[in-house]
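Read through the structure below, which is laid out as structure tokens, and then see the notes.
The values are calculated or read from the model by the stated rules, or taken from the named source; none is laboratory data. Note that this is a predicted model, so its numbers are computed, not measured. All Cβ positions, even for glycine, are placed from backbone atoms using ideal geometry, and neighbour counts span all protein chains on display. For accessibility, only protein heavy atoms count, side chains too; no ligands or nucleic acids. Shrake-Rupley method; radii C 1.70, N 1.55, O 1.52, S 1.80 Å.
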Amino acid sequence: MPLIVHQFACLSDNYGYLLHDPASGETAAIDTPDADAYLAAAQAQGWQITQIWNTHWHPDHAGGNEAIKAQTGALVVAPVGDAGRIAAIDRTVEAGDTVMLGDYSAMVIDVGGHTMGHNAYYLADGDLAFVGDSLFALGCGRMFEGTAPQFWASLQRLKALPPATLIYCAHEYTASNARFARFADPENAALADYVAEIEAKRARGEPTVPTTLGRELATNPFLRADDPAMEARWGHANGGNGDAVATFAALRAAKDSFR
Ligand code: ZN
Ligand code: FE
């Protein structure tokens, strides 16, 4: 039986995710932005949360760990690099580790940059990845703790996944990301089409997440930092040497101050 992802809005613009394996009955809470919302969502599905998989330490991702664990006894899995700032951990994981949900295995990918220890969880059998605040539809997370070379290396690890992979990001930031993407990459026809779809979805109140990696590869300016056109446009800003890291750094800095 295939995995089921239950997606729901919580806090102001987070997405909550429950990943359920019908065969084993196990359910993983992907991050814990809001314990009450997660417990209510699980109850409504008739599921018991048995695990928590944290992507990073920020309170809108790990703030509900203790409350959910107290209610459910869930096993808490968290990135080793952020572990000192996450409550109620049972197991720390790092790049290359595997986390099981029933017979399904999730591969841990190091996507540090937004925070030092940020992890993504990739399930090859489900063609899906939970990427937290590392990659967004048409954007990426703010570089709060890491460096541009580190963050670019993280994005390259995500870029290497199969293009059909469903990307479950943790926030609905797409409309605002789209405005910057159009500014950063104005001649990209695939991007223009995607932005039109996003605007229509948001006008109907629909989520733009999940996205697919393939679509992001063609349109997300941060994933396209190694594209020659993007390197030419952005790679020499701020004294950059024109390479992908310089291009990524310039894009990230420009997005931080974009209005
Ligand atoms: Zn965050
Ligand atoms: Fe967040």
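Remark on residue 76: its backbone amide H falls under 5 Å from those of 52, 90, 91, a criterion applied only to residues 5 or more positions apart or on other chains, H modelled at 1.01 Å from N. For segment 224-234, putting each phi into the Karplus relation 6.51 cos²θ - 1.76 cosθ + 1.60 with θ = phi - 60° gives couplings of 9, 5, 9, 7, x, 5, 6, 4, 5, 6, 10 Hz, in residue order, rounded to whole numbers and with x for Gly and Pro. Taking all protein chains in place and a 1.4 Å probe, what share, in percent, of the accessible surface of the chain do carbon and sulfur account for? That share works out to 52 percent. Among the chymotrypsin sites (Phe, Trp or Tyr not before Pro) in segment 127-208, those located in a DSSP loop and surrounded by at most 15 other Cβ atoms within 10 Å of their own Cβ are 144. Applying a DSSP loop filter and a limit of 12 other Cβ atoms within 10 Å to the GluC sites (Glu not before Pro) in segment 114-221 leaves 187.
Across segment 42-128, the mean sequence separation of Cα contacts (distance under 8 Å, 6 or more residues apart), normalised by length, yields a relative contact order of 24 percent. In the full protein context, the chain carries 40 Å² of accessible surface per residue, based on a 1.4 Å probe and ignoring ligands, DNA and RNA. With the Cα gyration tensor of segment 24-128 giving a ≥ b ≥ c as the square roots of its eigenvalues, does the rule (a/c under 1.5 for rounded; else a/b larger than b/c for prolate; else oblate) give rounded, prolate or oblate? Since a/c reaches 1.5 but b/c is at least a/b, the shape of segment 24-128 is classed as oblate. Database remark: amide H of residue 16 closer than 5 angstrom to the amide H of 8, 9, 10 (H placed geometrically; neighbours at sequence offset of 5 or more, or on other chains; Pro and chain starts carry no H).
Using the Cβ-Cβ distance between residue 164 and residue 1 with R0 = 25 Å, the FRET efficiency computed as 1/(1 + (r/R0)^6) comes to roughly 0.80.
For segment 184-189, backbone phi angles converted through the Karplus equation (6.51, -1.76, 1.60; θ = phi - 60°) give residue-by-residue couplings of 6, 9, x, 9, 7, 5 Hz, Gly and Pro being listed as x.
Beta bridges per DSSP, both residues in the chain: antiparallel share near 70 percent. Karplus-derived 3J(HN,Hα) values for segment 18-25, using 6.51 cos²θ - 1.76 cosθ + 1.60 with θ = phi - 60°, are 10, 9, 10, 10, x, 5, 8, x Hz; glycine and proline are entered as x. At the listed q of 0.17 Å⁻¹, the Debye profile of segment 81-150, built from one uniform point per Cα, gives log10 I(q)/I(0) equal to -0.67. The helix-only estimate of mean residue ellipticity at 222 nm for the chain, built from DSSP H runs of length n ≥ 4 each weighted as -39500 (n - 2.57), is -10000 deg cm²/dmol after division by the residue total.
Maximal additional length on extending the residue 94-residue 241 stretch stands at 49.7 nm, based on 0.36 nm per residue less the C-alpha distance.
Any idea what diffusion coefficient the chain gets from Stokes-Einstein, in µm²/s, Kirkwood Rh on alpha carbon pairs, 10 °C, 1.306 mPa s?
Approximately 86 µm²/s, per Stokes-Einstein.
Evaluated on segment 199-259, the Kirkwood hydrodynamic radius is 12.8 Å, with distances taken between all distinct Cα atoms. Computed over segment 94-227, the P(r) tail beyond 25 angstrom holds 23 percent of alpha carbon pairs.
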